[in-house]
Amino acid sequence: MSPQPLTKRERIRSRITAIVGLVLVWNLLWGEFTWLNTISGAIIAVAILIVFPLPPVKFGGKVRPLGVIRFFAKFFYDLVVASFGVALLAFRPGEPKSAIVAVQLRVKSDLNMTLVAEAVSLVPGSLIAEADQQTGTLYIHMLGVEDAEHLERLRAEVLHVEARLIRAIGSDEELRRVNTPAEEPAP
C-alpha cells in the first residue's frame, strides 16, 4: 500500500515548517535572534528548498502534551544515567565490550525511524550504524554490553523509546501498534 499523495495545503504546510526550522537553525548558528539573521535565514532557506527540495513528510499523529513531557523527562533521565555509565566505562581497566544490535521498529514510517534514531543516538553509549527503511530496522552500536541478556534489555529499551515517542506524537493506529504485545516467534 503506497502512501497517499499530499494535498496542496499539506505541501504548503510542509514547506513552511521546513523554512521555519531552517531559519531557527540559521539563527542558532549565528548565536542571536535578530531581524537581519531572520530575514537572511528566510532567504537562504527558500533558496535551499528550491535547489535541494526536501521530500514532504506527512504527519498523521497528534501531539499529546502529557506524552511529550513523559518522553522528555525519561529522555533526560536516560541522558544523565548513560553519561555516568560511559564515564565509568572510560575509567574501567580493559576494553569495554560492544555489539551491534538490530531492532525492528513496530511503526515503519520515515518520521518515526528518524526520531527514534535521533533519540537513541543522542544518549551516550549508543549510535545508529545503519537504518533499513524497507524493514523498519535500526542497527545500533551499543557500548558496554555485558552478555546476551543485557543485549536483549538494550533492544527492549529501544522499543520503549519508540513507544514513548508514539505516545507523545503518534496517531491512534500507531499507538495501537506499540501497545499491542509483540507476537512470540513460533517454536
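The values are calculated or read from the model by the stated rules, or taken from the named source; none is laboratory data. Given the structure is predicted, the values throughout are model-derived calculations rather than measurements. Please note: Cβ atoms are built from the backbone with ideal geometry, for glycine as well, and neighbour counts cover all protein chains shown. Remember, those area values only see protein heavy atoms, side chains included, never the ligands or the DNA or RNA. Shrake-Rupley method; radii C 1.70, N 1.55, O 1.52, S 1.80 Å.
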(message) Scan region 79-102 and tell me whether some residue there is more than 28 Å from residue 54 (Cβ to Cβ) and of a type in the set (Lys, Arg).
(response) yes
(message) From the list 131, 102, exactly one residue is buried (at least 16 other Cβ atoms within 10 Å of the Cβ) and assigned to a strand (DSSP E or B). Which is it?
(response) 131
(request) Mind listing whichever residues of region 1-24 are in contact with a helix residue (DSSP H, G or I) (Cβ under 9 Å, 6 or more places away or on another chain), at pLDDT below 90 and in a helix (DSSP H, G or I)? (result) 15, 18, 21
(message) If I filter region 139-174 down to residues being assigned to a strand (DSSP E or B) and crowded, with 19+ Cβ neighbours inside 10 Å, which single residue comes out as modelled with the highest pLDDT?
(response) 140
(request) Pull up region 54-75, narrow it to residues that are without any contact (Cβ under 8 Å) to a residue 12 or more places away in the chain and either charged (D, E, K, R) or touching a helix residue (DSSP H, G or I) at 6+ places or on another chain (Cβ under 9 Å) (or both), then point me to the one that is nearest to residue 142 (Cα to Cα). (result) 72
(request) Given the conditions (1) modelled with pLDDT under 90; (2) surrounded by 12 or more Cβ atoms within 10 Å (Cβ to Cβ); (3) of a type in the set (Phe, Trp, Tyr), report the number of the one that residue 91 does not fulfil. (result) (2)
(message) Among the numbered criteria (1) within 17 Å of residue 143 (Cα to Cα); (2) open to solvent by 50 Å² or more (accessible area, probe 1.4 Å), which one does residue 78 miss?
(response) (2)
(message) With the structure loaded, tell me whether residue 93 is free of Cβ contacts under 8 Å to residues at least 60 places away in the same chain, farther than 30 Å from residue 125 by Cβ and assigned to a loop (DSSP other than H, G, I, E, B) or whether it fails that test.
(response) no
(request) Those residues that are within 17 Å of residue 102 (Cβ to Cβ), of a type in the set (A, V, I, L, M, F, W, C) and assigned to a helix (DSSP H, G or I), I need them from region 112-128; list them, please. (result) 113, 116, 117, 120
(request) Identify, by number, the condition in (1) surrounded by 13 or more Cβ atoms within 10 Å (Cβ to Cβ); (2) under 16 Å from the mean Cα position of the chain (by Cα) that residue 63 doesn't meet. (result) (1)
(request) For residues that are touching a residue at least 12 places away in the same chain (Cβ under 8 Å) and of a type in the set (Ser, Thr, Tyr), scanning just region 11-40, find the one that is surrounded by the most Cβ atoms within 10 Å (Cβ to Cβ). (result) 14
